[in-house]
1. Ala159 to Trp18: extension gain in nm, 0.36 nm per residue of separation minus the Cα-Cα distance?
2. Under a Cβ-Cβ cut-off of 12 Å, what is the net charge of the residues other than Gly111 that fall near it, where Lys and Arg count +1 and Asp and Glu count -1?
3. For Leu236 and His76 in one chain, what is 0.36 nm times their gap in residues minus the Cα-Cα distance, to one decimal in nm?
4. If you take every residue apart from Ala171 with its C-beta less than 12 Å away from the C-beta of Ala171, what net charge results, scoring Lys and Arg +1 and Asp and Glu -1?
5. Whole-Hz ³J(HN,Hα) for each residue in segment 30-43, computed from phi via Karplus 6.51 cos²θ - 1.76 cosθ + 1.60 with θ = phi - 60°, x for glycine and proline: what do you get?
Amino acid sequence: MAVFVALGAFLMTLIGGWTAGRVTDRRHLVLGLAGGLMLGVVGLDLLPEALGAAGDEVFGVPAALLLFVAGFLAAHLVERLLAARQAAHGAEEHDGRTPQVGLTAAAAMVGHSAMDGVAIGAAFQVGEGMGLAVALAVIAHDFADGFNTYTLTSVYGNARRRAITMLVADAVAPVLGAASTLMFTIPEGPLGCYLGFFGGALLYLAAAEILPEAHHAHPARSTLLCTIAGAAFIWLVVGVAE
């Protein structure tokens, strides 16, 4: 049942990526929406789940928040190291951005989607009602995952073929994640820590890269509205899932 439901996440992810690829003539709106979706996923979905799962504190600070900061700093460090490596080897950047950063970010999205599948499978182990509730949340926000995976890959100058490859990997990941729960389960604490770390990395990409790029060439009101709409959409998804 969990694997069957995860197929819905597979389809929704592909739809999100297809949408991102079809609106290239409104790239600034796509980036604005992607930034809002990423902000909403981090603040309204990932962080609450991380704090609930990883309840331990380290020197008075929840472990999930420490890893959230670590994820933010790690994303910044990886981007700077990759940019320095490109410059040292004389490779060209795409508008000042290195393609490897996009691939790394998309790979992180694939990992997150796999954990979504694990969450579906684990929830069905608790009960069918719990499984369906978690599946609804995952399927709904997998549209944003597919949208963001395609956008993150392509905005850093990767070829369309690579963006599609990462999109397909992101779509397959939740199905494989759900299937893996037939063999083992992940303890709640480590899962919460992972979500916190990934949330920090995702927020860095949204705040430091995607949103500045969206507003650089087109500082339009419509771009800002798309960002707000993206965050509001995730709020709606979370509210419906609850």
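Every number here is computed from the coordinates shown, using simple stated rules; none is lab data. The shown structure was predicted, so the numbers you read here are calculated from the model rather than taken from an experiment. All Cβ positions, even for glycine, are placed from backbone atoms using ideal geometry, and neighbour counts span all protein chains on display.
1. Answer, rounded to one decimal: 49.3 nm.
2. Numbers: positive: none; negative: Asp116, Asp145, Asp170.
With Lys, Arg at +1 and Asp, Glu at -1, the neighbours total -3.
3. So the chain would gain 54.6 nm between Leu236 and His76.
4. Value of the local net charge: -4.
5. Rounded to whole hertz, the list is 4, 5, x, 5, 4, x, x, 5, 5, 4, x, 4, 5, x.
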